[in-house]
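Report on one structure; see the data block that follows.
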Amino acid sequence: MSAPVDSQILGHFGPYGGRFVPEALIAALDELTLAHETALNDPAFQKELADLHRTYTGRPSIITEAKRFAEHAGGARILLKREDLNHTGSHKINNVLGQALLTKRMGKKRIIAETGAGQHGVAAATAAALMGLECVVYMGEEDTKRQSLNVARMKLLGAEVVPVTQGSKTLKDAINEAMRDWVTNVETTHYLLGTVAGPHPFPTMVRDFHRIIGVEAREQCLDLVGRLPDAVLACVGGGSNAIGIFHPFIEDKNVRLIGLEAGGRGIESGLHAATITGGTPGVLHGTRSYVLQDENGQTLESHSISAGLDYPGVGPEHAYLHDIGRAEYRAITDDEAMYAFSLLSKTEGIIPAIETAHALAGAMQVGNELGSDAVLLINLSGRGDKDVQTAAAYFGIPL
Amino acid sequence: MSTPLDDLFVKTRKENRAALIGFLPAGFPTQSGSISVLTAMVHGGCDAIEIGFPYSDPVMDGPIIQAASDQSLKQGTGAKEVFATVRAIAALAPTVVMTYWNPIERYGVKKFLDSMKENGGSGAVTPDLTIEESSQWIEETKKLDSNRIFVVAPSTSDERLKKVAEASTGFIYAASLMGVTGTRASVSTGAQTLVDRIRRVTDKPVAVGLGVSTPEQAHEVARYADGVIVGSAFIRLLQESKSEEEGINKVKDLAIALAQGMKRS
């Protein structure tokens, strides 16, 4: 646990991050690190990505001020960064387009991806279709049943969906299976990981592709309000949308960064996915971070009403931001999230993803704590169309 | 100070043969059953034993070892059971533990090595510990004279092979192919190329694993490697057997057949 803080070459964030992978993957991770670093400094790559974001993603995404919702959040000004309006309905597209371009640059023709609820799988399949890449998506068998609509979407986009029957048959096992595929086919295949976890360079690279959220939002907030927000809030599963909006504010010491984890049925129940709030430091899927684990270091199953937050790990940079006190992490229960889900739908005409609803529930808490002078910036990371079935079941609406 | 594993390779090199290394996860098929199976492997002719610490997320393992690990975990196998198995088997043959990194980190690096020593284990194979993350591991294993066995792959560059070889003791684990554990119809031709490349940077023993399952394959590998590691083939026999007794007999027979192929002449 004594990794140097500044050894970015190994992708460390304090004692977190790094690479815990089979040696077979090192060459590919080095190749990817180099491709990413080269692309960062290559105006042609940056232009290609920016053009895609303008003409395909629909960037910049707008800011909506939620005035009626704000009445339930202590009267604070509530600014919503509308990543839900991106093509494919969430922030996930920012990362997949970046990585798909890198895949082509590395001369690889096949991408593999893991998915839980299916949002990242759909985004990856979309990017693959756009760029003419073969795409295989690993998805836990349980999740393929719960999210059959997204399975169909991926198939319509030309991807192959492989149900994973090992282990708990959920997201964590889909990642294991994707890594096994990658170890075997690494010469021809890029693993398009969907969050800021995994071995270096993924946490850094995926963050860099999502930073655009915070870069745009910081500017938009200054234009609209004339000052920086008091707090920036986002939901945290693996933590990609949160790090994307947090990162450009890290040097702004007066801006609080607040991540909202999935508290499930409450931390004390043990049925949650709040990895920082309720987990311990450990190694999972190639990186050291907080992990939900037992005394033997075996990964525990996570629980959340939100499939996208239902993961027993979290990005290593969040672990570090937590430990140094730069960001705060709170757990939001299923019930709190569903209340905020319903409230935003009825007060603003925006149905958020259930993941995002955790951030909105956090905004209600923080707004009430800070009062009406506060300005809160919330990453509205995804839209809720995919969650209609879950929400209908929760609220007892017959389908 | 040398470990029993170090001594084994001195002996097999003198005898101009390779060492046969058998793998089984602790607690599979049951806690007592695993000790019986491993004992049969040694009686059949395995020169050393690799005991797997079953882990919930084994990304280096194919379906056969995954299923065995899952079965073991469901019965509650943890560090206590792993070290009890080490204790029983190290009395018969040089024994190492194969484990993903998180169980070691969770148990405590120093405590893990203390337990290893107390129970007679020679060291550990760590398939997901990269040399960049291993400074504490190297420091503590040095203090306790415990073997640290790193895994290399066909994709490992010459420059890294040198670094990994320097960091390794006991033997260097050469993964014969790009992939996960399991039985294969043939041993990849890449295995010999990799071993040749390792020989150019070190004279430490090299053992080949991944996809070695038949006596013919083992004999072929024994011609150029110091050690031949067989795991999935043993486990498959146990999974296919109707009773534990039948499984143990088949395991012993396979070990006898594999051991005959270890001589180079």
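Where a number appears in this text, it was derived from the coordinates with a stated rule and is not lab data. Here the structure is a predicted model, which is why all the values come from computation and not from measurement. A quick note on method: Cβ atoms are made from the backbone with ideal geometry, for glycine too, and the neighbour counts reach across all protein chains shown.
Residue check, A:Asp223 against (1) crowded, with 23+ Cβ neighbours inside 10 Å; (2) on the phi < 0 side of the Ramachandran plot, all met but one. Which one?
For A:Asp223, the failing item is (1).
Return the only residue of B:Ala124, B:Ala174, B:Ala153 being within 14 Å of the chain's Cα centre (by Cα), within 11 Å of chain A (Cβ to nearest Cβ), surrounded by 19 or more Cβ atoms within 10 Å (Cβ to Cβ) and of a type in the set (Gly, Ala, Ser).
Result: B:Ala174 is the single residue among B:Ala124, B:Ala174, B:Ala153 that is within 14 Å of the chain's Cα centre (by Cα), within 11 Å of chain A (Cβ to nearest Cβ), surrounded by 19 or more Cβ atoms within 10 Å (Cβ to Cβ) and of a type in the set (Gly, Ala, Ser).
For a quick check of your reading: which helices (runs of 4 or more DSSP H) sit entirely within segment A:148-266 and have at least 2 residues that are within 22 Å of A:Gly315 (Cβ to Cβ)?
Helices (runs of 4 or more DSSP H) meeting the threshold: A:171-185, A:202-225, A:240-246.
Within segment B:153-193, work out how many residues are of a type in the set (A, V, I, L, M, F, W, C) and over 22 Å from A:Asn176 (Cβ atoms).
10
Filter segment A:295-319 down to residues that are within 13 Å of the chain's Cα centre (by Cα) and of a type in the set (Ser, Thr, Tyr) and give me whichever is nearest to the other protein chains (Cβ to nearest Cβ).
Per the criteria, the residue is A:Tyr311.
Considering only helices (runs of 4 or more DSSP H) fully contained in segment B:1-102, which possess at least 2 residues that are more than 14 Å from chain A (Cβ to nearest Cβ) and surrounded by fewer than 20 Cβ atoms within 10 Å (Cβ to Cβ)?
B:4-14, B:31-44, B:79-90
Scan A:Val215, A:Val186 and give me the residue that is within 28 Å of A:Leu49 (Cα to Cα), away from chain B (no Cβ under 14 Å) and among the β-branched types (Val, Ile, Thr).
Residue meeting the stated conditions: A:Val215.
Here are some residues: B:Ser232, B:Ser213, B:Ser186. Which one is within 22 Å of B:Met60 (Cα to Cα) and over 18 Å from the mean Cα position of the chain (by Cα)?
B:Ser186
Sort through A:Val161, A:Val215 and tell me the only one that's out of contact with any Phe, Trp or Tyr (no Cβ under 9 Å at 6 or more places or on another chain) and closer than 27 Å to A:Ile354 by Cα.
When all the criteria are applied, what remains is A:Val215.
Residues of segment A:128-164 being in contact (Cβ under 8 Å) with a residue 40 or more places away in the chain and touching an Asp or Glu at 6+ places or on another chain (Cβ under 6 Å), which ones?
A:Val136, A:Tyr138
So, A:Glu83, is that one surrounded by 23 or more Cβ atoms within 10 Å (Cβ to Cβ), touching a Leu at 6+ places or on another chain (Cβ under 9 Å) and either among the polar types (S, T, N, Q) or more than 14 Å from every other protein chain (Cβ to nearest Cβ) (or both) or not?
For A:Glu83, the condition - surrounded by 23 or more Cβ atoms within 10 Å (Cβ to Cβ), touching a Leu at 6+ places or on another chain (Cβ under 9 Å) and either among the polar types (S, T, N, Q) or more than 14 Å from every other protein chain (Cβ to nearest Cβ) (or both) - is met.
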